[in-house]
Amino acid sequence: MSTRTQSVDTPAGEARITWHTARAARLVLAVSHGAGGGIEARDLRALAAALPAHGITVALVEQPWRVAGKKVAAAPKVLDEGWRGLWPALAEPGLPVVAGGRSAGARVACRTAAELGAAGVLALAFPLHPPGRPEKSRAEELLGAGRPALVVQGGRDPFGRPEEFPQGGTYTLVEVPHGDHGFAVPKKADVTQEAALDLITRTVAEWLTALDV
């Protein structure tokens, strides 16, 4: 595996891609961060470390607001603009690209997957609704992705527990037991933090390997 960083100009400002390139890669998994953090999130780091060994190049994407050092995420429309603007760089290796992200990044991936021709969608900690506001559902974004999708959701995520997700649709949902919105598990849980991250990386690797691309 080799690692490099690439700056990309987009209509929303300068974005940044950190490439974790696999030898003889068969596809690219592009994943962006959420509204409350960056690519240092534990699940994104774990995927970048584990997936290249499976022939999957991981591109960790930092949205322009984050590159600019701002504390507050841009509006959804601006996030989509940034993602669209850097997509050609993600597709440049000539491989199928799976669009992914955690939380707000997952929403961006769902909203833009079909128009950008993504091979699939990976939604980590999809924010189905604001905490305590289940009536403010964002299920339409997930159901409207128009691509095969994998949702990885913490069992105690206040933005949407696994049992709250709608039935049907072209997505698979996998629960991380005891995980919160950042996939942190309590020390008293019968699942260790290491085991939770291993579940995430193993599930994503298996799903991507089985994807028809």
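The values are calculated or read from the model by the stated rules, or taken from the named source; none is laboratory data. These figures come from a predicted structure and were not determined experimentally. Note that each Cβ is placed from the backbone with ideal geometry, even for glycine, and that neighbours are counted across all protein chains shown. The accessibility values were calculated without ligands, DNA or RNA, using every heavy atom of the protein model including side chains. Shrake-Rupley method; radii C 1.70, N 1.55, O 1.52, S 1.80 Å.
Kindly indicate whether Gly155 is at negative phi and not hydrophobic (A, V, I, L, M, F, W, C). Yes, satisfied. Comparison of Ala35, Ala53, Ala48, Ala41 shows that the only residue that is of a type outside the set (Ser, Thr, Tyr) and either under 18 Å from Asp9 (Cβ atoms) or touching a helix residue (DSSP H, G or I) at 6+ places or on another chain (Cβ under 7 Å) (or both) is Ala35.
Condition check for Ala104 on (1) buried (at least 23 other Cβ atoms within 10 Å of the Cβ); (2) closer than 17 Å to Phe126 by Cβ: one failure, at (1). Quick check on region 108-119. Is at least one of its residues over 18 Å from Thr170 (Cα atoms), modelled with pLDDT of 95 or more and of a type outside the set (A, V, I, L, M)? Within region 108-119, not a single residue is over 18 Å from Thr170 (Cα atoms), modelled with pLDDT of 95 or more and of a type outside the set (A, V, I, L, M). A count restricted to region 111-123 and to residues that are within 17 Å of Leu211 (Cα to Cα) and either surrounded by 20 or more Cβ atoms within 10 Å (Cβ to Cβ) or within 13 Å of the chain's Cα centre (by Cα) (or both) stands at 6. The number of residues in region 133-151 that are out of contact with any strand residue (DSSP E or B) (no Cβ under 8 Å at 6 or more places or on another chain), part of a loop (DSSP other than H, G, I, E, B) and open to solvent by 60 Å² or more (accessible area, probe 1.4 Å) comes to 5. Looking at (1) part of a strand (DSSP E or B); (2) open to solvent by 50 Å² or more (accessible area, probe 1.4 Å), find the lone condition where Arg156 falls short. Every listed condition holds for Arg156 apart from (1). Annotation: Ala75 fulfils all but one of (1) among the hydrophobic types (A, V, I, L, M, F, W, C); (2) touching a strand residue (DSSP E or B) at 6+ places or on another chain (Cβ under 6 Å); (3) surrounded by fewer than 18 Cβ atoms within 10 Å (Cβ to Cβ); the unmet one is (2). Counting only residues that are among the charged types (D, E, K, R), touching a strand residue (DSSP E or B) at 6+ places or on another chain (Cβ under 9 Å) and either assigned to a helix (DSSP H, G or I) or in contact (Cβ under 8 Å) with a residue 40 or more places away in the chain (or both), region 171-196 holds 0 of them.
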